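The values are calculated or read from the model by the stated rules, or taken from the named source; none is laboratory data. The structure displayed is predicted, hence computed values, not measured ones. As a convention, Cβ positions derive from the backbone with ideal geometry for all residues, glycine included, and neighbour counts pool all protein chains shown.
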Amino acid sequence: MSGLHGLKPERVIKAFERAGWKSQGQRGSHVILTKEGSMYIFSIPVHKGKSIKQGLLRDQIKKAGLTVEEFLKLYR
């Protein structure tokens, strides 16, 4: 098991912020994260009572240049 099941969006955002990403605000129900020097812009869905889907999260972790284990350490 990857450990990415059932992660809360608010804590996922905090984990990315610990990795150097900055919140650029919110558009609708999605928080936008950017990082200087990165060509990627992350859009994290924040839906009440729902976790982030594993495929989306795994893709964003990879684009952030992190491993799943590194991300989970930042998440905790």
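For the stretch 12-76, which fully contained strands (runs of 3 or more DSSP E) count at least 2 residues that are in contact with a helix residue (DSSP H, G or I) (Cβ under 8 Å, 6 or more places away or on another chain)? Break it down into steps so the answer makes sense when it comes.
On the way: elements: 22-27, 30-34, 41-45.
Strands (runs of 3 or more DSSP E) meeting the threshold: 30-34, 41-45.
Considering only residues that are of a type in the set (A, V, I, L, M) and surrounded by 14 or more Cβ atoms within 10 Å (Cβ to Cβ), which ones fall in the stretch 1-37?
In the first step, residues of the stretch 1-37 are kept if they are of a type in the set (A, V, I, L, M); the result is 1, 4, 7, 12-13, 15, 19, 31-33.
Within the stretch 1-37, L4, L7, V12, I13, A15, A19, V31, I32, L33 qualify.
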Open item on the list: The conditions are (1) of a type outside the set (K, R); (2) over 14 Å from the mean Cα position of the chain (by Cα); (3) at pLDDT 95 or above, and H30 fails exactly one of them. Which is it?
Closed with: (2)
- [ ] Please state which of the following conditions G3 fails to meet, knowing it meets all the rest: (1) assigned to a helix (DSSP H, G or I); (2) touching a helix residue (DSSP H, G or I) at 6+ places or on another chain (Cβ under 6 Å).
- [x] (1)
Task: Residue list for the stretch 20-73, restricted to those being basic (K, R) and closer than 19 Å to H5 by Cβ - done: K48, K50, K53, R58, K62, K73
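What are the residues in the stretch 41-52 that are under 13 Å from K63 (Cβ atoms) and either surrounded by fewer than 13 Cβ atoms within 10 Å (Cβ to Cβ) or touching an Asp or Glu at 6+ places or on another chain (Cβ under 8 Å) (or both), if any? Give the derivation first.
Taking the stretch 41-52 as the starting set, the residues that turn out to be under 13 Å from K63 (Cβ atoms) are 41-44.
The answer is I41, and nothing else.
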TODO: Could you please find all residues in the stretch 41-76 being among the polar types (S, T, N, Q) and farther than 10 Å from F16 by Cβ?
DONE: S43, S51, Q54, T67
